[in-house]
Amino acid sequence: MSSVVEKEAASARALRAARLLSMIQTANTGGLLFVILLLIATISAIAPSFLSPFNLFALTRNLASDAIIGFAMMVVLALGQMNLALGAIGVCAVMVTGYTLEQLGLPIPVAVLAALATGGLLGMVNGLLIVGTGINAFVITLATASLFTGLMLIVTKATTFHNLPPEFSALGYSRVGPISGFLVVTLFVCGALFLLFNFSVLGRQILATGANIVAAGLSGVPVNRVIIVAHALSGVLAGVAGVLVTAHLAAALPSIGEDWLLPSFLAPLLGGTLLAGGYVSVSGALLGAILVSVLQNGLVLFNVNGFRIQFFLGLALLAAVGLDRWRTVLVQRAEKRLT
Amino acid sequence: MGALLEVRQVTKIYPGVRALNGVDLTLRAGEIHALVGANGAGKSSLVKMLTGVHGPDEGEMRLRGEIVRFSSPQESLAAGIAVVHQERNLIPRYSIAENMFLDRLPTRHGVVQHAKMREDARRWLDMLEVSFDPATPVQRLSVAHMQLVEIGRALSLNSNILLLDEPTASISESDVDRLFKVLRRLRDQGAAILFVSHKLEEVMALCDRVTVLRDGKNACNDRSLEGMKKVDIVTFMLGRENAVSDLGVRSQRLGERRLELKSVTTELGHRDIDLYVRAGEVVGLYGLVGAGRSELAKAVIGSHRVITGGEVLIDGKRTSIGGVLEALRKWRIGYVSEDRKGEGLILTHSVARNTAITIWHAIAGRVGLISGQREDSAIRPYVERLDVKVTSLAQTVGNLSGGNQQKVSVAKWLAADTRILIMDEPTAGVDVRTKGYLHQLVWELADSGVAVLLITSDLSEMIQLADRIYVMNDYRVVEELTNSREYDLMSSSIMNAIQIDNDRVSVPKPAVALA
Amino acid sequence: MTNLSKRLISQDWFPLLLVTLVGALLLAIISNSFLSAYNLFVMLRILSVTSLVALSQMLVIAIGQMNLAVGAIGGLIAILFGGMLEVYGAPIWLAAAVGLLLGLAAGVLSGALVAYTRISGFIITLALLFVFTGLNLGITLSIPFYKMPQALKDLYDSYLGPIPSILFIPVLAAGAVSGLLYYTRPGRHMLAMGGNPAAAELAGISLSRTTIFTHTLSGGLAALAGMVAVARLGTAEPTIGADWLLPSFAAPVIGGAVLEGGYVSVTGTMIAVVIIVLITNGLLLARTDPFYVQFFLGALILATVLFNRWRSSVNVASPETTSGRP
């Protein structure tokens, strides 16, 4: 069909396009990192207290749980779905923790396990409902969010557990140097998820299901099982976040989780995870969480109206997603010119 | 009479494929013109061009002598070209009437006149002698009736130029008769009608002239149908001298019956399906669009639990296949889907992931861990064997040419080392070279002991490859033929089998919603 | 059975109506004060805000999208409304008109961003949620505008006959939305887009224009809700709208709306709003734990959605739609 020369030119172009694409994908992570470092530099120049041990500790402690909340949503975004019941599952786990520690007086590992199991169980319920009824995950988790919160309130009668064993509350103060010890948990979770999505069968199956559920099913992927497991995992992660927050506050409050929903989308979306499913960026989600935390922290230090922070966060989200969209368009155009 | 709509030397190139290569088409007023061609011949590309979905890369289009170029379907519509597409384009919850007039909702002082729409719709439905209440929501109709609604819509545009793309694919015989009556009347009133169809009997019965496309070129252009026989058209379509690849003779080493269906019935309408495929055999399943072949294949692999009766035997033992997972892992049955973009591939993922998807569980280490390297090395042999043209296994499948995409969608089943492979239209929309490759592959698979069930609407492909051929029509198997590989004999036997079956059915074909 | 009652029963929202009536009956039995004039009017007033919020979201659901910024727009307009009244002493009608315009403008922004950037409406409205909330809190510094004119309070408390006049706003809005969706071209285009965007486009409907139009109306309704909330509370609180997100989806969904777009029910949504208010109010009166409210709300959403799905699967198997062969 085409001459040798044309073929050579074509494959050279193909190579260039592939390189461009991977550059842009790295650029996302790289870009985020750059922005974060820039932010940190700027903020600490203007408000040197940013780098103080006190501030770093507070920043990283909040970051730790916020990042995990973002991960919990990311796992379900991979499926192309949403988990609106994140906060509700979190608070149930919180209450289980409080109850186990305070009322039952059981050791901390048991309480943590119970909390994670609760999260996983509730997540599994979501997954089962979605698979069993075939109804949109948005609607299902919208309903279960109310259901789970209501159930929690009914059972606990909205009591607060604030007489938690001191060893547990002490965990809230754990530190590694100036940084909160919670970050260890976060990094562990981050590593585990990275492993999951890049090096495991289940991770690949989740992404395949999210990208094209019919094709995945016809290729032998057990899509129903995958959906249930992903939701269960999301629940477990919500539980982890709940435990961390409880330790942080040294109390199990029924109001925990109320404000988790929207931030839970922010980190993964900023980090490049696609709303449509089929692609996640674990490192991106972590960086996204860092960016948001740093931004928030910085604005507080500047005595900026604590509320303008919301404003800037919104702009940041728009900018990030807009940029991403623009990048996709560029890559598409480059690949079209190829053929 | 001068041409109303003319297409001259148009070329249309998609990534990797020349869909149209210097094609001509002439539509005159007062004429029903057939556009015929095998799958992938370029019919739908040409229709898309006429209706403004895509523009030509080369060549020109003339409307009433003036050069035109449509940049959107709305422009084509505004220019007076009414079209009924192959796929349905209706708003499910809207009524028949509203769907018909969606592009020109009648209003008075800003208020939509629903009653007037229903009245007007009634007129067109009456013309087609269809007795629906125009207020019926379209989603409650069967696919056949939906098609009639769209035909009614096209008619209601009162335009001079009417394009019908496979308009009788789903409708019953009596409806076909009525439609033809209407079309003839329109023709007599001076309309130019383009009738795209693979149903040659209908073409012979209705049309005045014919243009046949083959591999993106005119096999014949604007011929009068007077004195032509069906077999002449088929010759144009398939071009015997254009045998894609000469595979020679295959020494068949046939084993036991690996897959067998006995009196299988399904919820979808299949009845008394008897067929078997032996190890090392290539069995063809031929039928026209709507015969129920893909549906049968999907039923067999357990994609939908629709088998209601009869027996499915694997290696002689009665089995019940619970789902695709079981079909693949336990019975090693694979299914190459006819819809490679929607069902066969994950377009946003890499070649490696798409190919390895069927064997992830097998190549994983303990704890279900798998590395990109292991994945690559596991599937590279298959990618290379199929000669998939990629610069790296990480390339996104969506960016490959149609032929390469199809190779990937087959590669994953090779990787899965299936014992039974059902291939559904494996060379549709694929370039000639890849077609040859895949044909060779089918024989190699059979030679290595795989039981291959080949579903294709490409008669010459079927006769070239299959050892035995089952002919399906109307969700039933109507004939079983041993392939003598003599083209004329086999093609007429097959066509006759379908014809006889069609004639036999005196009850009008009911409509079917294809799964 | 008369023709009228037959038609009534076949309506999609009839089961909901039954639930409402039964629920109301139960509550009347359980609690003496349920049917008291005071309680009735408290409920009716809560209704007026929630119904506008529900209508706002329902419009966007009709085209198959979501508006996460419903509460944020409402809240922002609420404080701007209050601010105009308190700081500039503006007459109520003027402040209301400006507030409405600003709400429409917010909607235009939303719709334009979705239509032209092709970024999912979810993300756009999520981002705008932050932006508008931030603006809100930035302007008010979390301090409400307390000094609302007496005229506003009087308006809110007034009656037209036995009916609180404030109720006319949501009722008129519901009527207008209904009329729009069923009797005007833009409305029919909206539902067509939600039902099958590809087919709608082929029929010449501009998806971007429809998107912008819908979001604009949604913004306007949200703004109305915010201003009514100010009238109800007597102060312009920056927290107005903070808890609107869930009910904004719950009511249309319970009312039978299909999230993918193409079908919404104004009547169903309004009845759902009544149910939600009944639950909240009724359980309170019955002196049950207020915690049951959340639980029941979630259970109700699930039940309705399951029921609707069951009902539509039963509908499809009617003689005209045989998917099988004889």
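The values are calculated or read from the model by the stated rules, or taken from the named source; none is laboratory data. Remember, predicted model here, so these are calculated numbers, not experimental data. Cβ sites come from the backbone with ideal geometry, for glycine too, and all protein chains shown count toward neighbours.
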>> Looking at region B:454-484 only, could you name the residues that are under 17 Å from B:Lys298 (Cα atoms), more than 14 Å from chain C (Cβ to nearest Cβ) and touching a helix residue (DSSP H, G or I) at 6+ places or on another chain (Cβ under 7 Å)?
In response: B:Leu454, B:Ile455, B:Thr456
>> Checking the condition more than 8 Å from chain A (Cβ to nearest Cβ), surrounded by 21 or more Cβ atoms within 10 Å (Cβ to Cβ), under 28 Å from A:Leu193 (Cα atoms) and out of contact with any Ser or Thr (no Cβ under 7 Å at 6 or more places or on another chain), which residue from B:Asn404, B:Asn354 passes?
In response: B:Asn354
>> Looking for something in contact (Cβ under 8 Å) with a residue 60 or more places away in the chain, more than 26 Å from C:Phe130 (Cα to Cα) and not acidic (Asp, Glu) - is there at least one such residue anywhere in region C:295-305?
In response: yes
> Which condition number does A:Met74 fail, the rest of (1) in contact with an Asp or Glu (Cβ under 8 Å, 6 or more places away or on another chain); (2) closer than 15 Å to A:Phe265 by Cα being met?
Replying inline: (1)
> Considering region B:297-326 alone, what residues qualify as being within 14 Å of chain A (Cβ to nearest Cβ), loosely packed, with under 14 Cβ neighbours inside 10 Å and either of a type in the set (Lys, Arg) or assigned to a strand (DSSP E or B) (or both)?
Replying inline: B:Arg305
> Would region C:273-290 turn up any residue that is outside any loop (DSSP other than H, G, I, E, B), facing another protein chain (nearest Cβ under 10 Å), within 23 Å of C:Val70 (Cα to Cα) and at pLDDT 80 or above?
Replying inline: no
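One line per residue, one yes/no per condition, for (1) touching a residue at least 12 places away in the same chain (Cβ under 8 Å); (2) more than 20 Å from A:Ala216 (Cβ to Cβ); (3) in contact with a strand residue (DSSP E or B) (Cβ under 6 Å, 6 or more places away or on another chain); (4) hydrophobic (A, V, I, L, M, F, W, C):
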residue: B:Ala299; (1), (2), (3), (4): yes, no, yes, yes
residue: B:Ser303; (1), (2), (3), (4): yes, no, no, no
residue: B:Glu311; (1), (2), (3), (4): yes, yes, yes, no
residue: B:Gly316; (1), (2), (3), (4): yes, yes, no, no
residue: B:Ala327; (1), (2), (3), (4): yes, no, yes, yes
residue: B:Tyr335; (1), (2), (3), (4): yes, no, yes, no
residue: B:Lys341; (1), (2), (3), (4): yes, no, no, no
>> Can you confirm whether C:Ser248 is surrounded by 24 or more Cβ atoms within 10 Å (Cβ to Cβ), of a type in the set (S, T, N, Q) and within 11 Å of another protein chain (Cβ to nearest Cβ)?
In response: yes
>> Please count how many residues of region B:143-186 are farther than 22 Å from B:Glu202 by Cα, assigned to a loop (DSSP other than H, G, I, E, B) and within 14 Å of chain C (Cβ to nearest Cβ).
In response: 1
> Taking region B:85-98 on its own, how many of its residues are more than 8 Å from chain C (Cβ to nearest Cβ) and either over 24 Å from B:Ile193 (Cβ atoms) or at pLDDT 90 or above (or both)?
Replying inline: 3
> When you scan region A:137-158, how many residues do you find that are outside any helix (DSSP H, G or I) and modelled with pLDDT of 85 or more?
Replying inline: 0
>> Go through (1) within 24 Å of A:Ala250 (Cβ to Cβ); (2) within 14 Å of chain C (Cβ to nearest Cβ); (3) among the hydrophobic types (A, V, I, L, M, F, W, C) for A:Val189 and report which single condition fails.
In response: (2)
> Are any residues in region C:185-238 of a type in the set (S, T, N, Q) and within 20 Å of the chain's Cα centre (by Cα), and if so, which ones?
Replying inline: C:Thr210, C:Thr211, C:Thr214, C:Thr216, C:Ser218
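Just for region A:204-222: of the residues that are among the β-branched types (Val, Ile, Thr) and surrounded by fewer than 24 Cβ atoms within 10 Å (Cβ to Cβ), which one is nearest to B:Ile333 (Cα to Cα)? Don't jump to the end; show me each part of the working.
In the first step, residues of region A:204-222 are kept if they are among the β-branched types (Val, Ile, Thr); the result is A:206, A:209, A:213-214, A:221.
After this cut, where a residue has to be surrounded by fewer than 24 Cβ atoms within 10 Å (Cβ to Cβ) as well, the list is A:213-214.
Numbers: A:Ile213: 19, A:Val214: 17 Å.
The extreme case among them is A:Val214.
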> Taking region C:199-218 as the region of interest, how many residues are buried (at least 21 other Cβ atoms within 10 Å of the Cβ), within 14 Å of another protein chain (Cβ to nearest Cβ) and in contact (Cβ under 8 Å) with a residue 24 or more places away in the chain?
Replying inline: 1
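With the structure loaded, tell me whether C:Ile139 is surrounded by fewer than 19 Cβ atoms within 10 Å (Cβ to Cβ), assigned to a loop (DSSP other than H, G, I, E, B) and within 14 Å of chain A (Cβ to nearest Cβ) or whether it fails that test.
Values: surrounded by fewer than 19 Cβ atoms within 10 Å (Cβ to Cβ): yes; assigned to a loop (DSSP other than H, G, I, E, B): no; within 14 Å of chain A (Cβ to nearest Cβ): yes.
For C:Ile139, the condition - surrounded by fewer than 19 Cβ atoms within 10 Å (Cβ to Cβ), assigned to a loop (DSSP other than H, G, I, E, B) and within 14 Å of chain A (Cβ to nearest Cβ) - is not met.
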>> I'd like to verify a number: residues in region A:160-176 that are free of Cβ contacts under 8 Å to residues at least 60 places away in the same chain and in a loop (DSSP other than H, G, I, E, B), how many?
In response: 2
> Across region C:1-14, what is the number of residues that are assigned to a helix (DSSP H, G or I), in contact with a helix residue (DSSP H, G or I) (Cβ under 8 Å, 6 or more places away or on another chain) and modelled with pLDDT under 75?
Replying inline: 1
> Given C:Leu80, C:Leu126, C:Leu152, which one is more than 22 Å from the chain's Cα centre (by Cα), among the aliphatic types (A, V, I, L, M), surrounded by 17 or more Cβ atoms within 10 Å (Cβ to Cβ) and assigned to a helix (DSSP H, G or I)?
Replying inline: C:Leu152
> So B:Asp387 clears everything in (1) of a type outside the set (Val, Ile, Thr); (2) buried (at least 19 other Cβ atoms within 10 Å of the Cβ); (3) not in a helix (DSSP H, G or I) except one condition, right? Which one?
Replying inline: (2)
>> Out of B:Gly55, B:Gly30, B:Gly80, I need the residue that is in contact with a Gly (Cβ under 7 Å, 6 or more places away or on another chain), surrounded by fewer than 24 Cβ atoms within 10 Å (Cβ to Cβ) and not basic (Lys, Arg). Which one?
In response: B:Gly30
> Any chance region A:114-136 includes a residue that's within 14 Å of chain C (Cβ to nearest Cβ) and in contact with a Gly (Cβ under 8 Å, 6 or more places away or on another chain)?
Replying inline: yes
>> Considering only residues that are assigned to a loop (DSSP other than H, G, I, E, B) and surrounded by fewer than 14 Cβ atoms within 10 Å (Cβ to Cβ), which ones fall in region C:15-42?
In response: C:Ser36
